[in-house]
Amino acid sequence: MRYDAVVIGGGPAGCRTAALMASEYDVLILEEHPQPGLPVQCAGLLSDEALSLTGVKPDILNDMYGARIVFPDGNETTVRSSKRLMRVVDRAQMDSMMADAARDAGAEIQCETKFTGSVPDSEGRRVNHTNGTVECRVLVGADGPRSTVSKELGNPGPEENLVGIQAEVRKPSDDDYFTSYLGSEHAPGFFTWEVPCGDFTRIGLCTAGEPPFPYLKKYLKREGLEDRIIRYGCGRIPLGFRGRSYGDACALVGDAAAQVKPVSGGGVHPGLRSAAILADYLSLALNEGDLSAVNLSGYESRWKAEVGADLEKGYKLRRRFVRMSDGDLSLAGRFARRDDVRSVLNDIDIDHPDLVVRRILKSPRMSMHALALLGRLAL
């Protein structure tokens, strides 16, 4: 049997692509782990918009209305909105439900099956994996930040790789805000997070260029939580574009295409938006019988226009952030504590953080101080 599409990876982007196609086409998902959703490698913070894109309704562990940001000098700023900013979801359950939704739509899923490579043929691709070989008309690489499918396309790695680690700890909390520490002492090149999930708390961080575990260990010891660990999770976060997201009878989606928000490191929202675009393009290409790279290039043009523009703006903010010393971050904290600035931050859209910068720069009073700070970080 030759499948219409074989999707490598049973994460959100892969399962959503499959679910959107499987009612009309023969789709197979290959997942290397025993079940989709494990191990958990995400803080589980999703906006309402991102959650709606999943097509499922996982359990909500908490609602977030604000954030407490602690700067390197020890001073802090609290951002709080009158509307819900994020929902804390059970990520393992969400991923499992998305896999079930793909099955319900008609897709097959083979777990504990690792993709080992593909070979183009006259009708698409021959896909090799640890349990044998299958044939398909088009191959979808949704195989994460170390994507083997991306390497087959000859792509370089992403512009930047963050390494993250997270622990779920026995620390019950119903707080409706999360806490984040900035600075080289806590998470060089990124930030920490502490997300209350009711019966437990997710605590994690990412680092740029350094192993993250020593920083997490120090954080847990400082908080007296080192003996209350439930489980650990770790993973990479690809930032910046990584070559082409298409080829002959092949396309990439999600982390495999570095469709990740550079400011927060979140990949669910841009990955799912791109999955819907990819499903549309593949359906059209399958109906036309043209799965050439030239024809599939339209997928990249469209996702970069609709999703990539936000990612590029976010990466510009990311470039400035990594240039900030601890002193610069503390100075930014003092700026953020101004009443007029905090009123803008209270309305932040986590899926489009660049809108906050634009609102600040539109205000003559705020922009004067903001531009002075940005001038220190000129690209």
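Every number here is computed from the coordinates shown, using simple stated rules; none is lab data. Source: prediction; values computed, not measured. A quick note on method: Cβ atoms are made from the backbone with ideal geometry, for glycine too, and the neighbour counts reach across all protein chains shown.
At 222 nm, what helix-only mean residue ellipticity would the chain give, in deg cm²/dmol to the nearest 500, using -39500 (n - 2.57) for each DSSP H run of four or more? Intermediate values should be presented prior to the final figure.
On the way: 12 runs with 132 residues, N = 379.
It comes out at -10500 deg cm²/dmol, rounded to the nearest 500.
Farthest towards the positive end of the charge dipole of the chain, among the residues Leu282, Thr130, Gly233, is the Cα of Gly233, using unit charges on the Cβ of Lys, Arg, Asp and Glu.
Stretched out straight at 0.36 nm per residue, the stretch from Arg103 to Lys316 would grow longer than its current Cα-Cα span by 72.8 nm. Within the stretch 164-234, the trypsin sites (Lys or Arg not before Pro) that combine a DSSP coil assignment with at most 15 other C-beta atoms in a 10 angstrom radius are Arg170, Arg228.
For the pair His33 and Arg68 in one chain, pulling the backbone fully straight at 0.36 nm per residue adds 9.1 nm over the alpha carbon distance. Normalising the Debye intensity of the stretch 258-318 to I(0), with uniform scatterers on Cα atoms only, and taking log10 at q = 0.18, 0.22, 0.25, 0.28 Å⁻¹ returns -0.63, -0.82, -0.95, -1.09.
Using the structure shown, select from Lys171/Lys217; Lys171/Lys221; Lys114/Lys151; Lys151/Lys304; Lys57/Lys316 the pairs with a Cα to Cα distance greater than 22 angstrom. Violating the 22 Å limit, Cα to Cα: Lys57/Lys316. Net length available on complete extension from Arg2 to Asp48 is 12.8 nm, with 0.36 nm assigned per residue and the Cα-Cα distance removed. Computed from Cα atoms, the angle from the helix 309-322 axis to the main principal axis of the chain rounds to 40 degrees.
How much of the DSSP beta bridge set in the chain is antiparallel, as a percent to the nearest 5? If we restrict to bridges inside the chain, about 70 percent are antiparallel.
Counting pairwise Cα distances across the chain, what percent come out greater than 36 angstrom? Don't skip to the answer; put the middle values down first.
Working: 17403 of 71631 pairs.
Distances greater than 36 Å cover 24 percent of the Cα pairs.
Of the trypsin sites (Lys or Arg not before Pro) found in the stretch 292-326, the ones in coil according to DSSP and having at most 16 other Cβ atoms within 10 Å of their Cβ are Arg323. Each part reduced to its alpha carbon centroid, the stretch 292-307 and the stretch 111-128 end up 22 Å apart.
For a modelled paramagnetic label at Leu284, 7 Å from Cα along Cα-to-Cβ, the residues of the stretch 7-50 in reach, with backbone nitrogen under 17 Å, are 21. Between Cys234 and Glu24, the modelled label-to-label distance comes to 4.3 nm, taking each label 7 Å out from Cα in the direction of the beta carbon.
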